[in-house]
1. Cβ-Cβ under 8 Å, sequence separation 6+ or interchain: first residue in segment 57-80 and among the small types (Gly, Ala, Ser), partner open to solvent by less than 20 Å² (accessible area, probe 1.4 Å). Which pairs?
2. State all residues of segment 1-18 that are in a strand (DSSP E or B) and under 19 Å from residue 123 (Cα atoms); if no residue qualifies, say none.
3. Within segment 64-71, does at least one residue satisfy the condition of being polar (S, T, N, Q) and over 14 Å from the mean Cα position of the chain (by Cα)?
4. Would you pick out the residues in segment 3-13 that are surrounded by 14 or more Cβ atoms within 10 Å (Cβ to Cβ) and either farther than 15 Å from residue 118 by Cβ or hydroxyl-bearing (Ser, Thr, Tyr) (or both)?
5. Before we move on, is residue 121 part of a strand (DSSP E or B), in contact with a Gly (Cβ under 8 Å, 6 or more places away or on another chain) and under 17 Å from residue 44 (Cβ atoms)?
6. Just wondering, is there one or more residues in segment 21-38 that are closer than 23 Å to residue 123 by Cβ and aliphatic (A, V, I, L, M)?
Amino acid sequence: QVQLVESGGGLVQAGGSLRLSCAASGRTLGNYAMGWFRQAPGKEREFVAATRWSSGSTYYADSVKGRFTISRDNAKNTVYLQMNSLKPEDTAVYYCAVRKSSFVVVTLEYDYWGQGTQVTVSS
């Protein structure tokens, strides 16, 4: 079992920045993949970014490429999402997730999910 706890959400003006954190506990992440997803009101949950824990390879949705950066701290078993140049359309609940495979996918086929953290971007 892997437990995930997100933090760092909040209210920010357009153009601002936030850094989300996702702390994992229960086991080391070894060859797993970790991803960030988001869900806006009335919309489906969508892929934002992901990383392979072992290699640090990163993957991004086109909508956030160049603005968001996913990174990890092996010692802390924590993954981060640095969000810059935020836009009102980035407003959503952000979830981190773990996939029991090093193969990154952009679908919802992840095995463990956090409870989510709200990000609100005002115009």
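The values are calculated or read from the model by the stated rules, or taken from the named source; none is laboratory data. Keep in mind it's a predicted model, so treat the numbers as computed, not measured. Cβ sites come from the backbone with ideal geometry, for glycine too, and all protein chains shown count toward neighbours. Accessible surface is based on the protein model in full, side chains and every heavy atom, while ligands, DNA and RNA are left aside. Shrake-Rupley method; radii C 1.70, N 1.55, O 1.52, S 1.80 Å.
1. Partner pairs satisfying both residue conditions: 57/51; 61/48; 61/49; 71/51; 71/79.
2. Answer for segment 1-18, where residues must be in a strand (DSSP E or B) and under 19 Å from residue 123 (Cα atoms): 10, 11, 12, 13, 18.
3. Checked segment 64-71: no residue is polar (S, T, N, Q) and over 14 Å from the mean Cα position of the chain (by Cα).
4. Scanning segment 3-13 gives a single hit, 4.
5. Taking the combined requirement at face value, the residue does not satisfy it.
6. no
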